[in-house]
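J.: Quick one: the structure is below, and I'll ask about it shortly.
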Amino acid sequence: MSYEANVRRVTPYVPGEQPKEKNIIKLNTNENPYPPAPGWREIVNTIDEDAFRKYPDPLITDLTHAIAAYHKVDIDKVFVGIGSDDVLATAFLTLFNSEKPVIFPDITYSFYDVWADVFRIPYKTIPLDENFRIKAEDYNIPNGGIVIANPNAPTGILESVDFIEGIIKANPDSAVIVDEAYIDFGGETCLPLIDKYENLLVVRTFSKSRCMAGLRIGYAIGNVKMIKFISDVKFSINSYTLNTPTIALGLASLRDNEYFEECCQRVIATRERAEEQLIKLGFKSTNSYANFLFVSHKEKKAEYIFEELKKRKIYVRYFKKPRIDNYLRISIGTDDEMEKLVEALKEIV
Ligand code: PMP
């Protein structure tokens, strides 16, 4: 006999590498290559010992207010957490409590099945079509909830608000989570639908478009009742999620909208230029609306290109998984980094 028979065992999510080496070009975890809005420096200088000595505000009041004001919604429609991973995990635990399976695409953010496993939520993946598009009619089946990343990851493919609305409308008895981690890079948000559909939750992050992956700020917007359900679960696990410096730094980002928009535009412009150059080198690309490209080469295998890039200290993401094992996901870096990537790829392919 051993305690081990009683252990909850899971296969964990594996995040992209964070190499310690210097002078690498890191295009493997969809971080933003630009610094956060400059206001952060002043905030860091004003952090006092109370920020460490005392517990932070469990309600995250100021940041919740600022996010609500930014999106022009009531504060009790906003839930803030430690990155959108924490928000999504808490939402899974709260909203997906059925015997029927939660459904999501076969190719999507690879954390969804991990959360389902750890929380013992039954799930079923629904194959995307041959162009990696969602087939809406496949979602008209009995289910215990739906989660859709829009734009999807790792494909970057964006579906329209009307299209997503069709799925929400067809499933009034299921919570539908729309993960908009990458929406600021050219997509149209489903947020206006939250007042129309009580079953919708939209999840966002400061990690990508606000250049703050290291701080861990994410949030969800939904109707008051749904947000209260999620908040009750949060307060049943950990009252103090965001720390005081993080809250202050998140506020600084929201104050500088001009910087935020400029940063997104720069990433979009670099994405389009890099995509054109890769197509000239014989790659096909999925028309990504995210801060990454998802590409496949007509001759050279993705795994080979991945290894060759690594030898040249350029890190991209390769998923050894069915249907996408000949693709590379390349995060958008600075123009200079993307030039170096293109130069290296010219040698490799
Ligand atoms: N959703 C998607 C689709 C993602 O790709 C990521 C980034 N790994 C996240 C959510 C989580 O991001 P974060 O926890 O940094 O907000």
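The values are calculated or read from the model by the stated rules, or taken from the named source; none is laboratory data. Everything numeric here is computed off the predicted structure, so don't read it as measured data. Cβ atoms come from the backbone with ideal geometry, glycine included; neighbour counts cover every protein chain shown. Side chains included, ligands, DNA and RNA excluded: accessible areas come from the protein's heavy atoms. Shrake-Rupley method; radii C 1.70, N 1.55, O 1.52, S 1.80 Å.
J.: Can you tell me which of PHE111, PHE119 is among the aromatic types (Phe, Trp, Tyr), touching a helix residue (DSSP H, G or I) at 6+ places or on another chain (Cβ under 6 Å) and within 26 Å of ASN238 (Cβ to Cβ)?
T.: Exactly one of PHE111, PHE119 is among the aromatic types (Phe, Trp, Tyr), touching a helix residue (DSSP H, G or I) at 6+ places or on another chain (Cβ under 6 Å) and within 26 Å of ASN238 (Cβ to Cβ), namely PHE119.
J.: Which condition number in (1) surrounded by fewer than 16 Cβ atoms within 10 Å (Cβ to Cβ); (2) of a type in the set (Gly, Ala, Ser); (3) under 21 Å from the mean Cα position of the chain (by Cα) is the one that SER236 fails?
T.: Here SER236 clears every test but (3).
J.: SER296 passes all but one of (1) closer than 18 Å to PRO151 by Cα; (2) open to solvent by less than 40 Å² (accessible area, probe 1.4 Å); (3) among the polar types (S, T, N, Q); which number fails?
T.: (1)
J.: Of all the residues that make up segment 297-317, how many are among the acidic types (Asp, Glu) and either touching a residue at least 24 places away in the same chain (Cβ under 8 Å) or under 12 Å from PRO154 (Cβ atoms) (or both)?
T.: Qualifying residue count, segment 297-317: 2.
J.: Please work out if LYS310 is modelled with pLDDT of 95 or more and surrounded by fewer than 19 Cβ atoms within 10 Å (Cβ to Cβ).
T.: On the way: modelled with pLDDT of 95 or more: yes; surrounded by fewer than 19 Cβ atoms within 10 Å (Cβ to Cβ): yes.
Yes; evaluated as a whole, the condition is true for this residue.
J.: With respect to the numbered conditions (1) within 13 Å of the ligand (Cβ to nearest atom); (2) on the phi < 0 side of the Ramachandran plot, which one is the sole condition not fulfilled by ILE134?
T.: (1)
J.: Taking only segment 46-74 into account, find how many residues are more than 21 Å from the chain's Cα centre (by Cα) and either part of a strand (DSSP E or B) or over 18 Å from ILE230 (Cα atoms) (or both).
T.: 14
J.: Another one. Can we say ALA5 is more than 16 Å from the ligand (Cβ to nearest atom) and either crowded, with 17+ Cβ neighbours inside 10 Å or over 29 Å from VAL114 (Cα atoms) (or both)?
T.: So ALA5 does not fit the description; no.
J.: Could you run through segment 75-97 and say how many residues are over 15 Å from the mean Cα position of the chain (by Cα) and open to solvent by 40 Å² or more (accessible area, probe 1.4 Å)?
T.: 4
J.: Identify, from the list PRO172, PRO142, the residue that is touching a Lys or Arg at 6+ places or on another chain (Cβ under 6 Å) and surrounded by fewer than 17 Cβ atoms within 10 Å (Cβ to Cβ).
T.: Step by step, each of PRO172, PRO142 is checked, and only PRO142 is touching a Lys or Arg at 6+ places or on another chain (Cβ under 6 Å) and surrounded by fewer than 17 Cβ atoms within 10 Å (Cβ to Cβ).
J.: So which residues in segment 8-33 are free of Cβ contacts under 8 Å to residues at least 40 places away in the same chain and more than 14 Å from the ligand (Cβ to nearest atom), if there are any at all?
T.: Scanning segment 8-33 gives ARG9, LYS20, LYS22.
J.: Please verify whether ALA89 is within 21 Å of LYS228 (Cβ to Cβ) and within 13 Å of the ligand (Cβ to nearest atom), treating the condition exactly as stated.
T.: Criteria met by ALA89.
J.: Go through segment 328-349 and report how many residues are open to solvent by less than 80 Å² (accessible area, probe 1.4 Å), in contact (Cβ under 8 Å) with a residue 60 or more places away in the chain and over 19 Å from the mean Cα position of the chain (by Cα).
T.: Quick first cut of segment 328-349, residues open to solvent by less than 80 Å² (accessible area, probe 1.4 Å) only: 328-335, 337-338, 341-342, 344-345, 348-349.
Going one step further and asking which of them are in contact (Cβ under 8 Å) with a residue 60 or more places away in the chain, we end up with 329-335, 337-338, 341-342, 345, 349.
Right, trim to over 19 Å from the mean Cα position of the chain (by Cα) and you get 334-335, 337-338, 341-342, 345, 349.
Going through segment 328-349 one residue at a time, the tally reaches 8.
J.: Further question on the same structure: Here's a check for you: in segment 213-233, which residue that is hydrophobic (A, V, I, L, M, F, W, C) and closer than 16 Å to GLU180 by Cα is surrounded by the fewest Cβ atoms within 10 Å (Cβ to Cβ)?
T.: The residue in question is ALA213.
Each row is one residue, and each column tells you yes or no for (1) touching a residue at least 40 places away in the same chain (Cβ under 8 Å); (2) of a type in the set (Val, Ile, Thr); (3) under 24 Å from ILE134 (Cα atoms).
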position: ASP256; (1), (2), (3): yes, no, no
position: PHE260; (1), (2), (3): yes, no, no
position: ILE279; (1), (2), (3): no, yes, no
position: VAL295; (1), (2), (3): no, yes, yes
